[in-house]
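Every number here is computed from the coordinates shown, using simple stated rules; none is lab data. Just so we're clear, the structure is a prediction, and the values are computed from it rather than from any experiment. Glycine also receives a Cβ, built like all others from the backbone with ideal geometry; neighbour counts cover every protein chain displayed.
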C-alpha cells in the first residue's frame, strides 16, 4: 500500500491535531472550506481543542473552528435530548431498542462521536414489534411524513424502515428501522443475527450492535447507498471504528472477516478496507486483510467498483466544479443501487412511479429523507 495521497494528508490532523499547527493560512483556508463541506470541520475543532492546540491556530481559522464546534455541540445536545424522549416513549416496550450509526457512537461515548452534526436519529426494533413502536411514538407526538399510497407501500412492504417521523418540538428526523438493509434487496441481512449480539449502551433504555456489526453496518451504509458522493466522513467513521474496536475488543480483526461472510457483507467490508487504508492509513493486520480481500469482490468486479468509488468519494477542491466523470459515476452507482435494492418485478413499477412523480434521479429520496 502506497503512502496516503497528498490531497488526503490533512485528514491525519483529525487523529494527530498537532500536524495542523504547521499549516499556512492558505492551507488553513483550503482545509476549512473542504472540511466544512464534508461535515468534518467540527471534528477537527474538537481534536485541536482536546489537545489544547486551539490557541495556536491562526485567529481567522480559530474563529471558524470555534463557531462550528459550538454548532456541533448544540446539535449533539438536541440529539441526546431527542434520544432521551424517544427512550421514555418506548421505556415499557418488551423488546430491544437499538441506537444506530451516529446515535450509537454518541450512546457509547466513542471518540468519533465528538464533532458530529446530527440531523436525524436512527433506531431499530425487531420487525415483529415495529407497529407497536410506531404506536408508542405517535402517542408521544411523533408523526409519519405524509406520502402517497405507493410510497407507503414501499416503506411498509419492501423497505427496512417505516416512513420518517417528525415531532413538533424536536428538529431531528426519527428513522425507525427493523433491519439495516431492505429484506427484498440482493444484499440483505438476517436481523435476528444482529439482535442476538446486542450490547448495552451508556444511555438508559438503549442497546447498540456488537462492535463487529457496527463496522459492517457503516460499510454497508456507504457502499450500498444511492449517493456516496464525497462521503469522506463515512470513511473517517470507519477508520475511527476500526482503530477503536481493534484496540479495545479482543479478537476483533480475527472475527471481522468471518462475521462479514455470515452477514453477507464481505464486499462492502473489502471496499471499506481498501479506501481507509489508502486514504487514512488505517492499520489493518495483514492476516485479516488477506481474508477480507479474498472474500471481497472478484478481480473483474473489483476492476470497475474501485475506480467508480474512487471517483465518487474523492471530494472536489473548493474552487473546482463537479467533474463530468463524477456525474457519470453517480448515475452508474444510482443504477447499481436500484438494481440491488429491489427485484425487477418490483423495481420497474417503482421506477415508473418515481418517474411520473418527477423523482427518478432524486437519490436522496430513497434514504428516508423524503418520499422514496
Task: Ranked 206, 10, criterion: other C-beta atoms within 10 Å, fewest first - done: 10, 206
Task: 327, 139, 101 arranged by Cβ crowding within 10 Å, fewest neighbours leading - done: 139, 327, 101
Open item on the list: Counting C-alpha atoms alone, how compact is the chain: give Rg to one decimal and Dmax as a whole number, in angstrom.
Closed with: 20.5, 60
- [ ] Report, to two decimal places, the Cα Rg of the stretch 210-341 normalised by 2.2 N^0.38 Å (N = number of residues).
- [x] 1.05
Task: the stretch 17-65 - Rg and Dmax from Cα coordinates, angstrom - done: 9.6, 25
TODO: Write down the radius of gyration of the stretch 65-207 and its Dmax, each obtained from C-alpha positions, in Å.
DONE: 15.3, 46
Open item on the list: Can you compute the helix-only [θ] at 222 nm over the chain? Use -39500 (n - 2.57) per DSSP H run of at least 4 residues, normalise by all residues, nearest 500 deg cm²/dmol.
Closed with: -16500 deg cm²/dmol
Open item on the list: I want to check the label-to-label distance for residue 184 and residue 143. Put each point 7 Å from Cα in the C-beta direction and report it in nm to one decimal.
Closed with: 2.8
Open item on the list: Please compute the alpha carbon radius of gyration of the stretch 132-263, then divide it by the globular-protein estimate 2.2 N^0.38 Å. Two decimals is fine.
Closed with: 1.18
- [ ] Can you pull the one-decimal nm distance between simple spin-label points at residue 290 and residue 202, each 7 Å off the Cα toward Cβ?
- [x] 3.8
